[in-house]
Structures are given as structure tokens and as C-alpha cells.
Amino acid sequence: MAQRFDLLIRNATLIDGTGALPRKGDLGVNGDRIVAMGDLSAASADREIDAQGKALAPGFIDAHTHDDTVVLCGPECVVPKLSQGVTTVVIGNCGISLAPVKMNRRPPAPLDLVGDADVWQYESFAAYAEQLRKTPPAVNTYALIGHMVLRCEAMDFDLDRPATDKEAERMKTRLAEALKEGASGFSTGLWYPPSRHAPTDEVIAVAEALRDYGGLYVTHMRDEADGVIDSIEETLKIGRETGSAVVISHHKCTMPENFGRSTETLAYIEKAMQKQTVNFDVYPYTASSTALLVDRLRDDMPVQIATSVPHPEMAGRMLSDIAKEWGTDIRTAAQRLLPAGAIYFMMDEADVSRIVAHPRSMIGSDGIPSNDMPHPRLWGTFPRVLGHYARDLGLISLEAAVHKMTGLTASVFGMADRGVLKEGAFADLVLFDPDTVIDTATFAAPKTPAKGILEVWVNGVSSYVGGKGVTGESAGRLITRQPLPA
Ligand code: ZN
Ligand code: CU
């Protein structure tokens with residue numbers, strides 16, 4: 001009997017997510033799973049597509065996002081993801097997560113980058129997960145719990161000091177509850193004002209909750225500039241003392257005096273990899289983006305305003321130009337723009353390329369959807385790695401690029417049966433044209449969809465069609481870490 005599928009994609013170049021060489025073939029889907037691969041010329045399906053040799057890969061996994069709010073507001077809210085081929089997002093990064101703390105005010109920066117006072121409605125991770133069930137996300141969602149929100153609650157917003165033992169214990173209990181309810185790990189943002197007074201011991205005391213759940217420790221490190229090696233060491237120590245696998249978020253070496261130091265940091269990480277589980281992600285741009293932080297400004301660092309509550313009209317403009325127009329210095333101008341988001345030009349292309357090219361780097365956008373004029377990484381990260389770095393520059397092979405955004409990421413985060421094309425895996429898929437795929441988002445016009453992404457399926461459901469947009473389906477699910485046996 002000839003095989004029959006719900007969906008059959010013929011004549012594809014299969015890039016399976018493992019890093020293996022692409023191969024020609026067909027792929028059949030029933031329900032939410034890939035059920036057959038290879039030569040399926042005798043089979044038929046409800047929907048048959050001739051891929052005409054275009055690339056078929058596992059849906060991309062965005063290893064680092066701030067999509068905690070947008071996954072709840074329908075398919076249109078995640079167009080920046082689906083239009084890049086992203087089918088799974090990791091939320092709750094940099095110490096910032098929408099659960100498990102209710103806020104009755106706009107929280108201090110950078111917590112406000114996931115939203116103003118009105119969005120902080122979840123007093124438990126279970127409540128957030130329940131909302132995800134009621135209003136399903138259009139992309140799969142994998143959640144971390146942020147240290148900064150736990151601090152706000154346990155320390156009642158008195159954050160310019162280390163937590164007491166009792167407060168740390170409270171945070172640990174709250175983290176453990178969330179892990180029990182389906183969160184997958186713990187994130188910190190030790191560089192940020194609300195967390196920078198937290199000593200390593202406080203983080204260890206809270207992260208101790210990870211042990212029983214095999215949870216991940218994910219960090220925006222204390223220092224990505226002069227003290228980057230000390231910060232990597234601090235991260236490794238937290239991992240060792242709590243028995244946790246660690247992920248260094250958006251790895252970079254910032255400020256001109258540190259340009260070139262990625263040779264040093266990558267060598268340091270490689271050495272640590274032989275002794276403990278450590279991984280890292282990167283976004284493919286030389287500018288970072290976060291809240292506008294006045295005390296972090298430098299005269300030699302160009303800053304573009306991404307969003308401003310009192311001055312929305314200034315989004316997209318350079319801080320130095322605004323200051324000139326207002327007849328003030330940049331610090332005074334910045335103060336007037338608060339609360340605000342900003343883009344900081346403070347990395348070196350050679351470092352970014354070196355980290356992107358490293359065989360163990362994962363791709364994460366760190367996109368900030370709440371900004372009016374966001375960093376272009378929100379819309380462009382994945383096609384930029386595929387089109388610019390892999391195809392145009394030849395920095396890495398196409399299959400290596402795909403591996404960094406699929407199979408590698410799924411194994412690091414423990415996303416079972418995702419990130420690879422194989423029989424039995426979930427049918428998260430992206431069909432794209434390797435000859436034309438490219439980002440179009442720029443710092444001047446950041447909200448534009450990638451070129452060359454042809455169609456995207458989430459759990460077997462067609463969710464985005466290139467040139468048309470989202471299909472309106474919301475087929476994503478909450479994914480919980482399944483730690484691999486040690
Ligand atoms: Zn961060
Ligand atoms: Cu981040």
C-alpha cells in the first residue's frame with residue numbers, strides 16, 4: 001500500500017540540523033510529527049509541495065529572546081520570529097521574566113523591556129503557563145525564570161544591596177516552584193543595576209534550586225568588557241557549585257579597549273568545556289541593545305535611541321544629535337528620554353565573526369519587540385547568519401549555520417525531538433531558498449521581514465508563508481527541558 005501523509009514535501013535539499021551535509025530527498029508529515037524521509041515518490045498526501053531543490057531545515061530555535069509578552073498576543077505579534085523561520089523561542093533571559101511575580105507598577109529598567117505595569121499579571125509560572133494554554137503561542141515557547149524579578153519580590157524593590165539569607169531562600173523557593181510548574185532554568189542579568197549588588201554567593205544560593213530539576217543556568221554576565229574573563233569564571237563557578245549546565249548569553253567583548261579579546265575568551269570557554277557543561281549564544285551584529293542606562297554612556301560610544309516613553313518621536317535618532325538639538329550634553333539628554341531603550345555601537349566585527357564562526361556558538365536574537373525602532377536583530381538575526389555570514393562571506397557552511405540554530409540549540413536546552421529532521425521528531429520546519437535568503441532589517445528601517453523564507457510549519461501546521469505573512473494559526477506549545485542523562 002502506498003504511504004499517505006498529511007503533508008509531503010518533495011525534491012527538497014534536506015539540511016537535517018545535525019551539521020551533516022545536505023542531501024536531496026522528500027519528507028512526509030502526519031499530525032505534528034515527521035514520519036518519513038528519503039525517496040517518497042510512491043507516496044501521496046493531502047497537501048503536496050514540490051520544493052524544487054530549495055532547502056528544508058528544522059524550524060529555527062531562537063536561543064535568546066525577550067518574547068515573554070508577545071507570545072501571548074497572537075500570531076501577528078510573532079511575525080518577527082516566523083518571518084525568519086523561527087519556530088521556538090527561549091524566553092525569560094537576562095534575569096527578566098514575566099512570571100512568577102505580579103507587579104503593580106512599571107518595574108525598574110531593564111525589567112520594563114518586556115512591558116509596562118499592565119503586563120505583569122502572573123503570580124506563578126503555573127498562571128503564565130495556563131495563559132499560554134488559553135491563548136496558545138504561534139511559536140513553541142521555552143521559559144527561564146529571571147533573577148531580577150525574584151529580587152524585586154523578595155527584597156521589595158530595595159535592590160542596591162546583597163540579599164539577606166532569608167531573601168535568597170525566598171527566591172530559591174520561588175524558583176523551585178516555577179521549575180516544578182514547567183519552567184526550564186534560571187537566568188541572571190548581573191550587569192544590570194537591579195542585580196549588580198548581588199554577590200556570587202547570592203546567585204549560587206538561589207540557583208541551588210536547579211539541582212533537583214536539572215535546570216539550566218543562563219546568564220547575561222556581570223561584565224562583558226574589561227572583566228569578561230572574571231565574569232566567565234564566575235559563571236563557571238555558579239555552574240560547578242550548583243551542578244548545573246551553564247549558558248553564557250550573547251557572548252561578546254565590548255568597548256574598543258577589549259576588541260580582539262574573543263580569541264582569549266573562546267579559548268577560556270573551550271578549556272572549561274572539557275571539565276563542565278558550558279555553552280554560549282551570539283547575535284550577528286556589532287551593536288548591542290537594552291534599556292538606556294545613563295551611567296553606562298561613554299563619549300566614544302555612539303548610541304541610537306530605540307524607544308522613549310516621554311519622547312517617542314526620538315526613536316531611531318542618535319543620542320548625540322538629540323543632545324545637540326536640545327543644547328545639552330548626552331547625559332542630560334538621556335535623562336530626559338527615560339524610560340527608554342537604546343542601541344549601543346560597541347563591538348568589533350572581527351570578534352562577532354569569530355564567535356559566530358565558533359563551532360559551539362548558538363544563534364540567539366536578543367530582539368526586543370517592545371521597542372518602537374528596535375535593533376534590527378529582532379527581524380534579521382537568522383537570515384543574516386544564513387545569507388550574510390554563511391553564503392556571502394563563506395565564514396561557515398550552510399549546514400553548520402543551520403546546526404547553530406537547530407540541533408545544537410535543542411540539545412543544549414534539552415528540547416526533546418526538536419531541532420533535527422528525523423522520523424519521529426516534531427514537524428517544526430522551514431523551507432527557504434539558500435540562494436536568496438537574507439535579512440533586510442537595518443538600523444534605519446528595522447521592522448522588515450527577511451527575504452527567501454518560503455514557508456514555516458510549527459508542529460506540522462503551516463504558520464507563515466513568505467510574501468503573504470502569517471496564516472493565523474497558533475500551533476506552538478510550552479516546551480520544558482528534558483535534561484539528557486549525564
Ligand atoms: Zn542580556
Ligand atoms: Cu537579553
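Below is a table of values for the structure above.
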read-out	value
Within region 233-257, considering residues that are open to solvent by 10 Å² or more (accessible area, probe 1.4 Å) and assigned to a helix (DSSP H, G or I), the one nearest to ligand 1 (Cβ to nearest atom)	Glu234
Residues that are open to solvent by 20 Å² or more (accessible area, probe 1.4 Å) and more than 13 Å from ligand 2 (Cβ to nearest atom), drawn from region 359-370	Pro359, Arg360
Hey, Gly146 within 16 Å of ligand 1 (Cβ to nearest atom) and within 21 Å of His251 (Cβ to Cβ) or not	yes
Lone unmet requirement of (1) closer than 30 Å to Glu455 by Cβ; (2) within 16 Å of ligand 1 (Cβ to nearest atom); (3) assigned to a helix (DSSP H, G or I); (4) not β-branched (Val, Ile, Thr) for Asp112	(1)
Failed item, numbered, when Val89 is tested on (1) open to solvent by less than 10 Å² (accessible area, probe 1.4 Å); (2) part of a strand (DSSP E or B); (3) away from ligand 1 (no atom under 16 Å from the Cβ)	(3)
Region 258-269, residues that are assigned to a helix (DSSP H, G or I), out of contact with any Lys or Arg (no Cβ under 6 Å at 6 or more places or on another chain) and surrounded by 13 or more Cβ atoms within 10 Å (Cβ to Cβ)	Asn258, Glu264, Thr265, Leu266, Tyr268, Ile269
Condition broken by Leu293, with the remaining ones in (1) of a type in the set (A, V, I, L, M); (2) within 16 Å of ligand 2 (Cβ to nearest atom); (3) open to solvent by less than 10 Å² (accessible area, probe 1.4 Å) satisfied	(3)
Pairs, first touching a residue at least 24 places away in the same chain (Cβ under 8 Å) and assigned to a loop (DSSP other than H, G, I, E, B) in region 92-103, second open to solvent by less than 10 Å² (accessible area, probe 1.4 Å) and more than 16 Å from ligand 2 (Cβ to nearest atom), C-beta under 6 Å, six or more apart	Ala99/Phe125; Ala99/Tyr128; Pro100/Phe125; Pro100/Ala178; Met103/Trp120
Within region 371-395, considering residues that are more than 23 Å from Val247 (Cβ to Cβ) and touching a Leu at 6+ places or on another chain (Cβ under 9 Å), the one surrounded by the most Cβ atoms within 10 Å (Cβ to Cβ)	Asn371
Residue match in region 141-149 (condition: part of a loop (DSSP other than H, G, I, E, B), out of contact with any Gly (no Cβ under 6 Å at 6 or more places or on another chain), of a type outside the set (Lys, Arg) and surrounded by 17 or more Cβ atoms within 10 Å (Cβ to Cβ))	no
Any hit, region 213-232, residues being within 15 Å of ligand 1 (Cβ to nearest atom), open to solvent by 30 Å² or more (accessible area, probe 1.4 Å) and touching a Lys or Arg at 6+ places or on another chain (Cβ under 8 Å)	yes
Test: residue in region 396-406 that is of a type in the set (Val, Ile, Thr), under 20 Å from the mean Cα position of the chain (by Cα) and under 20 Å from Pro359 (Cβ atoms)	yes
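The values are calculated or read from the model by the stated rules, or taken from the named source; none is laboratory data. If you're wondering where the values come from, they're calculated on a predicted model, not measured in any experiment. Every residue, glycine among them, receives a Cβ derived from its backbone with ideal geometry; neighbour counts consider all protein chains shown. We work out accessible area using only protein heavy atoms, side chains counted, and drop any ligands, DNA or RNA first. Shrake-Rupley method; radii C 1.70, N 1.55, O 1.52, S 1.80 Å.
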